[in-house]
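FYI, it's all coordinate maths here, none of it is from the lab. What you see is a predicted model, and the numbers here were worked out from it, not measured in a lab. Here the Cβ positions follow ideal geometry from the backbone for every residue, glycine too, while neighbour counts run over all protein chains shown.
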Amino acid sequence: MTEIGIGIIGGGYMGKAHAVAMSAVGAVFNTALRPRLEMICASSPASAQGYLKAYGFERATDDWRVLVNDPRVEAVVIASPQETHREIALAAFALNKPVFCEKPLGASLHDSQIMTEASRGQISMTGFNYIRTPASQFARKLIAEGAIGDITWFRGEHTEDFMADPESPATWRTMGDANGTMGDLAPHMINGAMALIGPIAKLIAEVETVHTTRPGGTVDNDDHGQMMCRFENGAMGQMYFSRISHGRKMGYAYEITGTKGAIKFDQEDQNALWLYNADEPEATRGFRKILIGPAHPDYENFCQGPGHGTGYQDQIIIEARDFLRAIETQTPVWPTFQDGLDVTQVVAAALASSRAKAWVDVTAV
């Protein structure tokens with residue numbers, strides 16, 4: 001086992017998740033590389049020191065440049081606002097340091113393109129955690145093995161209700177495309193769709209701001225969006241994304257239809273997958289609930305009991321394992337910055353389609 005110094009930029013929601021993951025990943029997966037929480041960076045000296053004590057880092061700073069340039073920081077995790085991603089990633093790559101960056105990859109398509117170009121020959125990962133649940137990993141396996149035949153149709157959503165109340169005040173979430181629904185929520189389901197079905201060839205989309213003003217200011221980004229798409233393999237698809245869907249807390253859900261069956265999944269019940277086999281006798285044919293357990297990808301490392309379940313933090317631990325494996329083997333592990341860019345390109349195509357009110361070829365954006 002070899003220690004590796006980890007620096008995390010951003011100590012809030014995702015910074016904490018990554019700090020906990022790096023603390024636990026060695027024990028959960030018996031990784032050859034064992035993370036050392038070397039340095040945390042936050043927006044002020046006081047908050048940085050608070051995160052140091054809370055998460056167990058050795059040092060803290062309020063300047064990301066200090067973290068990136070420190071020789072004891074051997075890998076960088078970016079969990080700061082999107083507009084900071086590009087500059088931090090470029091600085092880390094210039095020092096040949098592996099970079100894990102939370103989605104969306106950049107604050108714009110242009111930023112994402114520059115970051116991806118800089119990542120060539122380097123170890124990079126983009127943070128798409130939901131597709132890493134044991135259930136969704138198993139769904140990918142079933143599809144790849146042809147369990148439901150050739151895929152003909154996909155429906156996906158990422159719906160939440162944290163901005164459903166029109167009296168919720170204007171905040172940073174209501175400013176800038178990167179913080180709107182298409183920048184914040186849509187990338188997860190688009191990434192999931194591409195992981196399960198394949199690249200998206202063309203699409204038509206509508207994007208809308210429902211609550212144009214909120215207490216404290218105006219809203220300049222989107223509340224929800226929908227799109228129809230055609231995948232490169234010929235399958236049809238439709239997706240919906242929303243931060244104003246009353247009652248939905250983590251509505252990352254999909255349905256997939258093939259020529260031999262179908263699959264359903266909902267993140268709010270993340271330890272179950274529903275499978276339909278068209279070859280079963282008609283009298284007993286129907287969706288069958290599969291409780292996730294040790295027979296499914298990555299589950300047994302967390303728990304030996306079927307149906308006991310994994311949670312959100314476990315997805316981040318799986319990401320940490322994959323990032324460490326990429327560093328150890330010096331081999332890219334999906335999703336790289338290129339995969340993050342592919343998602344950003346689909347988002348850009350959807351926004352362009354909404355403006356033009358027309359079908360758009362994704363690769364033309």
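See the values below:
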read-out: Cα Rg over Rh - the stretch 226-296, Kirkwood; value: 1.03
read-out: Size of charge dipole - the stretch 2-129 - debye, nearest 20, with Cβ of Lys, Arg +1 and Asp, Glu -1, no other charges; value: 260
read-out: Diffusion constant of the stretch 2-129 at 25 °C, which comes from Stokes-Einstein with the Kirkwood Cα-pair radius and 0.890 mPa s, µm²/s; value: 170
read-out: Distance between the stretch 221-275 and the stretch 324-363 - C-alpha centres, whole angstrom; value: 18
read-out: Share, in percent, of DSSP beta bridges within the chain that are antiparallel, nearest 5; value: 60
read-out: Summed residue charge, Cβ within 14 Å of S168's Cβ, Lys/Arg positive, Asp/Glu negative; value: -2
read-out: Percentage, to the nearest whole number, of Cα pairs in the stretch 131-280 over 21 Å apart; value: 46
read-out: The stretch 106-149: projected area of the alpha-carbon convex hull, averaged over directions, in nm²; value: 4.9
read-out: Computed over the stretch 284-365, Kirkwood Rh from alpha-carbon pairs, angstrom; value: 16.5
read-out: Unit charges on C-beta of K, R, D, E only; dipole of the chain, Debye; value: 380
read-out: For the stretch 76-199, alpha-carbon Rg over 2.2 N^0.38 Å; value: 1.23
read-out: Under 23 Å, Cα to Cα: Lys pairs in the chain, sequence gap 8 or more or different chains; value: 14
read-out: Charge sum, other residues only, whose C-beta stays under 13 Å from H85's C-beta, Lys/Arg counted +1 and Asp/Glu -1; value: -2
read-out: About the Cα centre, charge dipole magnitude for the stretch 142-295 (Lys/Arg +1, Asp/Glu -1 at Cβ), debye; value: 280
